[in-house]
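Have a look at the structure below, then the notes.
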Amino acid sequence: MPRSHWQHNVAGHESRSYARAVLRLEPIRKLLELAGDPDNPTAEELLELFNRIQTIAVLGLSRDPNKAARRVPSYLASRNYDVIPINPYADRIPDKETYNTISDVPKSVDLVVIFRPSAEAGQFVIESAKRSEQPAIWLQEGIWAKSEIREVRAQRMTAVQNVCTYLVHQALNKGNGGQTGPSSIKS
């Protein structure tokens, strides 16, 4: 039976939407491939993660505005995520109260982003995994904690290592009008 004009247009729209989604995720697939951890979440899972999270705790958020550990969280805050700074050496960054550890954060956390050297990162992965809400854990580009990440993944927690949150979020929003994140969630 031949398709009606309406069915043909709907099918055409769906295939164009699918093609846009595939193209939008391709740069993330490349970033994940370059990361060198085949057990990192897929591009589709990262898209879903960024669309469901609202509160991001950043371990090692820097007081220095020129460091990536300050620029990346500032970018995420500008995209309507609630960014919670964790830095035992600062009281406020820039205008937000800081906490000494992830355990000190009183509110629910959806994602923990870790900006600490690989030699220190594992302890923060384990500490973050102990939170009752089991937030996703993300080690920034160049940061590894292989055995600890393997351990939290065995608990069925989302864990990413050696990937930049900024680059992934930017790629997700290319051609999407900046709509990935809390402001894009439809009620």
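Near the amide H of residue 137, within less than 5 Å, lie the amide hydrogens of 112, 158, 159, 160, all on another chain or at least 5 residues away, with H placed in the peptide plane. How many angstrom separate the Cα center of segment 83-107 from the Cα center of segment 51-66? Between the Cα centres of segment 83-107 and segment 51-66 lies a distance of 10 Å.
Exceedance of the 28 Å cut-off in Cα-Cα distance is limited, within the set 67/174; 30/67; 146/174; 30/146, to 146/174. Stokes-Einstein diffusion for segment 27-184 at 20 °C, viscosity 1.002 mPa s, with a Kirkwood radius from C-alpha pairs, works out to 138 µm²/s.
Read the figures in this text as sums done on the coordinates, not as results from a lab. Keep in mind the model is a prediction, meaning the values are calculated, not measured.
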